[in-house]
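What follows is one structure encoded as structure tokens, with my remarks underneath.
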Amino acid sequence: MKKIAFCIMLFTMSLSTFSQETTQEPQETAKKGVITSQEEYNYLTKGYPQAIELGLGIKEGYEFKTIKDFEYNGFKLKYQYLIHTETQEKKALSIIVIKLKNDKKEYLCLPFNNAELLTEYLKSINGIGLTMRSVVDVFNTTLLSSLVEYKANQVKS
């Protein structure tokens, strides 16, 4: 459990660092970086699923940018940045998990630089079921590996 929590925290820090224009120290990023609001978190986990169900569009002032889609062993995961259109800031990471067998969907939000919302995210992935959680963990780790490699090779010694 501690290893999973550590991987998720590392994943969050990597994504927020990856999404910024300049390289900063982790403490500076937390102080100066983009912070996911409670409203944005709630939108991705509750409002967006309702909007899709009702055939409505994306919340005004925001857009999505797909990072990666994964499909494996009866599951599909879609990773997207939630982007504030006016500032072009990447505000959070939306993770949509679909169990293809029964079309069960879970909408998760990985927040940026918000410890309270990160705790909510960790609680939410504990509540989606063991199989779905295992798939999310595998693909979070896969995405994390790609992002860390990208950042590591951006910096030339």
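The values are calculated or read from the model by the stated rules, or taken from the named source; none is laboratory data. Here the structure is a predicted model, which means the values were calculated and not measured. Heavy atoms of the whole protein, side chains included, go into the accessibility calculation; ligands, DNA and RNA do not. Shrake-Rupley method; radii C 1.70, N 1.55, O 1.52, S 1.80 Å.
Pairs over the 19 Å Cα-Cα cut-off, from the set Lys65/Lys101; Lys68/Lys151; Lys123/Lys151; Lys76/Lys101; Lys78/Lys99: Lys65/Lys101; Lys123/Lys151. Here the ratio of the Cα radius of gyration of segment 38-89 to 2.2 N^0.38 Å is 1.26. Computed over protein heavy atoms with a 1.4 Å probe, the carbon and sulfur contribution to the accessible area of segment 53-110 reaches 42%.
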